[in-house]
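What follows is a single structure, written as structure tokens, with notes after it.
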Amino acid sequence: MERVEERFDRTDYCGSLRLSDVGRKVTVLGWVSKKRNLGSLLFIDLRDRGGYVQICVKTDSIDVPEIRNEYILQVEGVVAKKDVPNKNLATGEIEIIANTIKVINSATQPPISTQEITDANEDIRLKYRYLDLRRNCMQKRFKIRANIVKAVHSYLDRHDFIEIETPILAPSTPEGARDYLVPSRVHKGSFYALPQSPQLFKQMLMVAGFERYYQVARCFRDEDLRADRQPDFTQIDVETSFLNQDQILELGEGLISEIFKESIGYEVKLPLRRMEYLEAVNKYGSDKPDTRFDMCLHDVKELMSKSEFQLYKDNKYVKAIKVENFATLLTRKKQDSINLIAPKFNMKQFAYLKYVNGVLEGSIAKFLSDELINELIKMFDLKDNDALIFATGNILRDINFGLGAVRSQLAKELGLIKPNTYDLLWVVHFPLFEKSEETGEITPCHHPFTRPCDEDIDKLFTEPYNVYSYAYDIVINGYEAGGGSLRIYDQKVQEMIFKVLGFTEEDIQKKFGFFVESLKYGTPPHGGFALGLDRLAMILSGTDNIRDVIAFPKNLAAVDPVSNAPYEVDKEQLDKLGIEVVKENKNG
Ligand code: ASP
């Protein structure tokens, strides 16, 4: 018996037809997006991955099957010029006059709209993600994402990198987040951790002599979710040997500029600016500064100590930002809303001054002498309707980051950021250590294998928080789009770092003994970085929601809304793994 397989031929994508196609006989395949029945004429907007095209059906002259939204049709017809073009469609100057229409499949009425503009809330869009993704505006984002990856392969291949995969069922990797654990059935009571990054493996690949490695790597971190964070995400992970920090940054920015060019056609001007970490936090109040707008932080401690306000004399730090043209908007209510930021940075509230009709007004104005007022006006070059916002306290980090948060929020609210502009810079020389917010103990800012700056090594034990490192982040529009560091290749320095961190020999052996062992056998100087693919795709496709560029993302409760994972598993399955679940008692 001869088997005849169905074929679904097409000549063109719906969205690709233009005036130059007028007169051609074409066949298209697609989903019914909209239809309008005008009696003897039926208009259908047909949608496929390439866009939309209008089909004109003369219902008197051809057989028209039953057609509803989201039915899949194969339409054969002739391209004709439209009398009145539709400016909203790329194909708006033409339409297809249908000769035959075949229904390839019917569809149930979809629970969410598949129109480009939708007001459906995100929960329901994520539940029916496969319908949400039908929209061209969503598919375009995934094309940008795919083009980023294509640029990565092409650039790194041209620069002699080779792609090497590293394990997913792995030992714990030290990026400072909580691990996702996977139980071993064979070794009951033992667990793999999903990699927070391929960090240890990529360093061992340098020990192995590959010299230039990269990987588009899936990573997993069990952290609280935010608009720009997902538990499983993808990094463009890179490591090289024998390059110093400058050479690595140069390589990295070459890669980033190629990504911009190939994905959105944007020319990034190289070399990128390198900003010292200390400048970033002192001037912009952030280690990921958005420098598309000014509103910089000024140190006003000396000046404000001259006021009658005791707090400014007692506290170690007083800083302020000027917000132009803001005085009339800075109502009591607005001040209350800005003050909501303060407790997150261990402050009670901010103080405000408004410059209106040549007078500085505000709750702290009564503490300021005329001379001091004049000095403030001069220092900030105040113009009518400008406002000043002050923060004070004894911990510089809180003051900087607190005012930095106000700066970012106001820039967004006041529309100070031009759309479609890109601001790229490296922030370099991060501190080596920080105080853990959870435990108050000293922990690595990056990871324990980051190399301290040579000049700071003698401060490791005496002033560990003043030790800076060869660690850098790439910042795009105020987002940390990636980061990396040079790694320690000197055994003695590595041992000192472990000592500062209070790791015992036993800790080291248990956590990453195998890795430390590998470093003994001739480790080349090496370093690298990782770029967050999801964040890059988010920035380049002009959204501020990372879920928009992940096909099946988790919601803010770390649940996959399509499948409802994670879910409870059968006792039998748990028994095989030797696991007993202790249910949380919700009533306490
Ligand atoms: N593994 C680091 C991270 O995920 C990047 C690097 O240091 O290369 O942040």
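What's the center-to-center distance, using Cα atoms, between the range 252-270 and the range 14-89 in Å? Their Cα centres are 38 Å away from one another. First check a/c for the range 184-327, with a ≥ b ≥ c the square roots of the eigenvalues of its C-alpha gyration tensor; if it is under 1.5, answer rounded, and if not, answer prolate when a/b is larger than b/c or oblate otherwise. Prolate shape, in that a/c is at least 1.5 and a/b is the bigger ratio.
The residues of the chain expose, per residue, 53 Å² of accessible area to a 1.4 Å probe. Could you tell me the relative contact order of the range 417-566? Use alpha-carbon pairs under 8 Å, at least six residues apart, and round to a whole percent. This gives 19 percent for the range 417-566.
When the trypsin sites (Lys or Arg not before Pro) in the range 188-286 are filtered for DSSP coil states and for at most 15 other beta-carbon atoms within 10 Å of their beta-carbon, the remaining sites are Lys188, Lys269.
With axes computed from alpha carbons, what is the tilt in degrees of helix 370-380 against the longest principal axis of the chain, rounded to the nearest 10 within 0 to 90? Here the helix axis deviates by roughly 40 degrees.
Under a 5 Å amide H cut-off, with hydrogens placed 1.01 Å from N, His526 pairs with Phe242, Arg487 among residues at least 5 apart or on other chains.
Let's test the formula: R0 of 22 Å, r as the Cβ-Cβ distance of Glu267 and Asp157. What FRET efficiency results, to the nearest 0.05?
Efficiency, rounded to the nearest 0.05: 0.50.
Relative to the dominant Cα principal axis of the chain, helix 245-264 is inclined by about 30°.
Other residues with beta-carbon under 10 Å from the beta-carbon of Val467 carry, at +1 per Lys or Arg and -1 per Asp or Glu, a net charge of -3.
Phi angles of the range 405-418 translate, via the Karplus equation with coefficients 6.51, -1.76, 1.60 and θ = phi - 60°, into HN-Hα couplings of 5, 5, 4, 5, 4, 5, 4, 5, 4, 8, x, 7, 9, 5 Hz per residue; Gly and Pro are given as x.
Reported to the nearest whole Å, the Cα centre-to-centre distance from the range 418-483 to the range 325-344 is 31. Rounded, prolate or oblate: which one fits the range 467-588, using the alpha carbon gyration tensor with axes a ≥ b ≥ c (rounded when a/c is under 1.5, else prolate when a/b beats b/c, else oblate)? In terms of gyration-tensor shape, oblate. 3J(HN,Hα) along the range 466-479: 9, 8, 9, 9, 7, 10, 9, 10, 9, 10, 10, 6, x, 9 Hz, from the Karplus curve 6.51 cos²θ - 1.76 cosθ + 1.60 with θ = phi - 60°, whole Hz, x for Gly and Pro. Where a Cα-Cα gap under 20 Å defines reach, which lysines qualify for Lys301, not counting those fewer than 8 residues away within the same chain? The reachable lysines, counting only those whose Cα sits under 20 Å from Lys301, are Lys283, Lys313, Lys316, Lys319, Lys322, Lys348, Lys354, Lys366, Lys378. Applying a DSSP loop filter and a limit of 15 other Cβ atoms within 10 Å to the trypsin sites (Lys or Arg not before Pro) in the range 487-579 leaves Lys520.
Whole-Hz Karplus values for the range 267-272 come out as 8, 8, 7, 10, x, 6 Hz, taken residue by residue from phi with 6.51 cos²θ - 1.76 cosθ + 1.60 and θ = phi - 60°; glycine and proline positions read x. For the range 313-440, what's the relative contact order in percent, using C-alpha pairs closer than 8 Å and at least 6 residues apart? Relative CO of the range 313-440 lands at 35 percent. The angle between the Cα long axis of helix 505-518 and the longest principal axis of the Cα atoms of the chain comes to about 60 degrees, rounded to the nearest 10.
Pairs of Cα atoms under 8 Å, at least six residues apart: use those to get the relative contact order of the chain, whole percent. It rounds to 13 percent for the chain. A DSSP coil position with no more than 16 other Cβ atoms inside 10 Å describes the following trypsin sites (Lys or Arg not before Pro) in the range 364-412: Lys383. Rounded to the nearest 500, the helix-only mean residue ellipticity at 222 nm of the chain stands at -7500 deg cm²/dmol, with each DSSP H run of n ≥ 4 adding -39,500 (n - 2.57). When both bridge partners sit in the chain, DSSP labels roughly 90% of those beta bridges antiparallel. For Lys81, the lysines whose Cα comes closer than 26 Å to its Cα, not counting residues fewer than 8 places off in the same chain, are Lys25, Lys34, Lys35, Lys58, Lys102.
Across Trp426, Trp31, the residue with the most accessible area heads the list, and the full order at a 1.4 Å probe is Trp31, Trp426. Residues whose amide H falls under 5 Å from that of Glu163, counting only those 5 or more places apart or on a different chain, are Tyr214, with hydrogens built in the peptide plane.
Counted over the range 186-329, the DSSP beta bridges are approximately 100% antiparallel. Averaging over all projection directions, the Cα-based convex hull of the chain occupies 39.3 nm² in the image plane.
Out of all DSSP beta bridges in the range 1-153, what portion is antiparallel? Express it as a percent rounded to 5.
Around 95 percent antiparallel, to the nearest 5.
For Ser172, the residues whose modelled amide H falls within less than 5 Å of its own, excluding neighbours fewer than 5 places apart on the same chain, are Ala193.
For Tyr465, the solvent-accessible surface with a 1.4 Å probe is about 90 Å², rounded to the nearest 10.
When the solvent-accessible area of the range 101-254 is split by element, carbon and sulfur atoms take up 50 percent of it, the probe being 1.4 Å.
Under the classification rounded if a/c is under 1.5, otherwise prolate if a/b is larger than b/c and oblate if not, where does the range 291-434 fall, given a ≥ b ≥ c as square roots of the Cα gyration tensor eigenvalues? The shape class here is oblate.
The values are calculated or read from the model by the stated rules, or taken from the named source; none is laboratory data. Remember, predicted model here, so these are calculated numbers, not experimental data. Methodologically, a virtual Cβ is constructed for each residue, glycine included, from the backbone with ideal geometry; neighbour enumeration extends over all protein chains shown. Remember, those area values only see protein heavy atoms, side chains included, never the ligands or the DNA or RNA. Shrake-Rupley method; radii C 1.70, N 1.55, O 1.52, S 1.80 Å.
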